[in-house]
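One structure below.
The values are calculated or read from the model by the stated rules, or taken from the named source; none is laboratory data. Here the structure is a predicted model, which is why all the values come from computation and not from measurement. Every residue, glycine as well, gets a Cβ built from its backbone with ideal geometry; the counts of neighbours run over all protein chains shown.
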Amino acid sequence: MKHNLKHYLATNPPWMVGTMAVLLAIGFFPLQLWRPLEQTGYNLLFRLRPPLEWDDRIAIIGIDDDTLEAYQTFPLPRDRYTELLQSLDESYPVVVGFDILFIEPTPQDASLAAAMNQLGTVVLARTWETTTGDPLEPTPTLAEGAANQGQILHQRNPDGITREATLWVNSPNFSIPNLTLAMVEVENFLRDAEGKPPLVPLPPPNQSQERQTRLLNWVGDTANFPQYYSFLDVAEGRIKPEGLQDKLILVGFTATATNDPLQTPLNRDPPTSGVYYHATVLDNLLQDRFLEKLPLWGEMLLLFPMGIFTAILLSRRPLFRRVIFVLVFPIAWVLVALLLLSSRHFWLPVAAPIGTMLLSVGGVQLREQWEKQQLMQLFEKYVSPETANVIWQQKDDFFQDGELLATQLEATVLFMDIRGFTSISEQIPPESVFRWLNRYLDTMTRCIMDHGGVVDKYIGDAIMAVFGVPFPRTTEAEVQQDAYNAIAASLTMCRHLDQLNQHLQQEGLPTIHIGIGIHSGSVMAGSLGGSQRLNYSIVGDTVNVAARLETLNKQVSQDRPYPILLSSQTFERVRDRYNGQPITEIQLRGRQELTQVYTIIQ
């Protein structure tokens, strides 16, 4: 088999396949291919995670449908907000933050500013115009009455879901906190004046980041927010003052007609109201449970053990185990990510690790498919398809580092060639010789392969075949079966050769006569050759004896039904099935006694 086995079989080791899968996965990062998948994974984890408990210090006063229906006007007049603050003055809230822009001056601003000043802990919202970038700030009158201001920017991802909180907007000249940070700043300032510890330490601004963000840890479905109050009920005094005492209150729109939608992993269709974004930011601040995540380089490093371990684990494994792994691993990884999200407020990426695992599985599958293709191409020309499949299934038993392992085994060797080939080849043109010879070789090869034999090599017009490779036989019955197969193949070749000769004679081409020699014994099988070219072949005295028996056919003149000579070692294994006739005796190398040679007469 004159094929370069090392070229075919010395493929990359499994860890290299895994590494290539990881490098491919890392290449997806700058292309943002993982991002939409990770966002889907983020949504999935929040839907699977049990809801958290909202911080009970947070309350929301919503301008809802009942409020708008009662007041019959939108936007609400400023004196309505004055009424709200006057009502809250009896409750002694910690701080009140308005998720509402007061950018247009009105005649009621002075009274509203006075109510703000009276309460002393009101924080107003500001933002920027989306197209021009112009600031949208509270009117000067209201700004003077407020205790602080905070920006209400929140950035939506391409799928419409808000996943990050913009804590600070920074520039070289200023840093503006989020509305909720501004609320906590007010309370911390008051507590510091009283000598008390801060309500909660705030993350400092980082001037190197224009927008300083944190990953949001959504608490739960906003429909289940526990301390929600209608604006109308509070403003008209229907809520007991102690219900809002010591609360951090957010005031915002929740009516369905207002244009302040917010999509979260838990509130997407329909969306919720933007004020719940600030409630979530405030909750994450107070509970110190913003989500942590790996830096980008950490995510990339995580993929290396993922891809390499997968490739090593699944290499040389049956397909059903790979299918089980592909089904079980993603579930297990999601469960790990879910556990970290629930217990440690840590967001573990889902898509990239699972995707890397799938790439690694695909790489292993492609590698072995390529290897199988090369093995099949290598062997299927010399053995039956059934034998080739067995070779693939048991390849680890005799392949190592791209080479066939040397193995000592019992086999039956068959040699055959054409009688008078030289003189025949001189009678017809060279191109006709090859067509004629190939028809013969093809017919004989199919007979050998159909009986489980392996064509070791073609030597001009001669064929060397082996029965009993590449797997060592473990029982005498198996060794005997190889001898049976060799005789059966020889008889079949004789019958098929008669049919071929009839066609050749009709075409005016020379007919073919052959001689066959068969011997059973010990051989060594393995890779032969150098680094540039390898053959799978067998060596040993058994090969020499079979070749000698084939040549002996030329010296036997007596009539016999088949041009087959076999040694006594082979005949002893087949005599219970085939009739034989002694022909002559020969002296085998290394033996003093003569060896009887037989022919098959059936």
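Of note:
- Any hit, the stretch 184-207, residues being under 30 Å from Thr82 (Cα atoms), of a type in the set (Lys, Arg) and outside any loop (DSSP other than H, G, I, E, B): yes
- When Gly133, Gly145, Gly160 are screened for being within 53 Å of the chain's Cα centre (by Cα) and in contact (Cβ under 8 Å) with a residue 12 or more places away in the chain, only Gly160 passes.
- Single condition Glu292 does not satisfy, out of (1) crowded, with 20+ Cβ neighbours inside 10 Å; (2) modelled with pLDDT of 95 or more: (1)
- Checking each residue in the stretch 244-269 for being under 15 Å from Gly220 (Cα atoms) and free of Cβ contacts under 8 Å to residues at least 60 places away in the same chain picks out Asn267, Asp269.
- Residues of the stretch 226-269 satisfying the condition of being in a helix (DSSP H, G or I) and hydrophobic (A, V, I, L, M, F, W, C): Phe231, Leu232, Val234, Ala235, Leu244
- Condition check for Leu262: over 30 Å from Thr73 (Cβ atoms) and either surrounded by fewer than 14 Cβ atoms within 10 Å (Cβ to Cβ) or of a type outside the set (Phe, Trp, Tyr) (or both): no
- Comparison of Gly468, Gly453 shows that the only residue that is within 47 Å of the chain's Cα centre (by Cα) and at positive phi is Gly468.
- Residue count for the stretch 33-76, restricted to those that are out of contact with any helix residue (DSSP H, G or I) (no Cβ under 8 Å at 6 or more places or on another chain) and not hydrophobic (A, V, I, L, M, F, W, C): 13.
- Scope the stretch 44-91; condition without any contact (Cβ under 8 Å) to a residue 12 or more places away in the chain and within 45 Å of the chain's Cα centre (by Cα); matching residues: none
Residues checked against (1) β-branched (Val, Ile, Thr); (2) at pLDDT 90 or above; (3) under 25 Å from Arg495 (Cβ atoms):
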position	(1), (2), (3)
Glu380	no, no, yes
Gln393	no, no, no
Val413	yes, yes, yes
Glu426	no, no, no
Arg439	no, yes, yes
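- Scanning the stretch 474-486 for residues being out of contact with any strand residue (DSSP E or B) (no Cβ under 6 Å at 6 or more places or on another chain) and either in a loop (DSSP other than H, G, I, E, B) or buried (at least 22 other Cβ atoms within 10 Å of the Cβ) (or both) gives a total of 2.
- Against the conditions (1) within 15 Å of Ile63 (Cβ to Cβ); (2) aromatic (Phe, Trp, Tyr); (3) in contact with a Phe, Trp or Tyr (Cβ under 7 Å, 6 or more places away or on another chain), Phe253 satisfies every one except (3).
- Every test in (1) under 57 Å from the mean Cα position of the chain (by Cα); (2) part of a strand (DSSP E or B); (3) free of Cβ contacts under 8 Å to residues at least 60 places away in the same chain is passed by Asn544 save one, and that test is (2).
- Note on the stretch 574-590: residues that are aliphatic (A, V, I, L, M) and at pLDDT 90 or above total 2.
- Considering only residues in the stretch 152-199 that are among the acidic types (Asp, Glu) and surrounded by 12 or more Cβ atoms within 10 Å (Cβ to Cβ), the one that is farthest from Pro93 (Cα to Cα) turns out to be Asp159.
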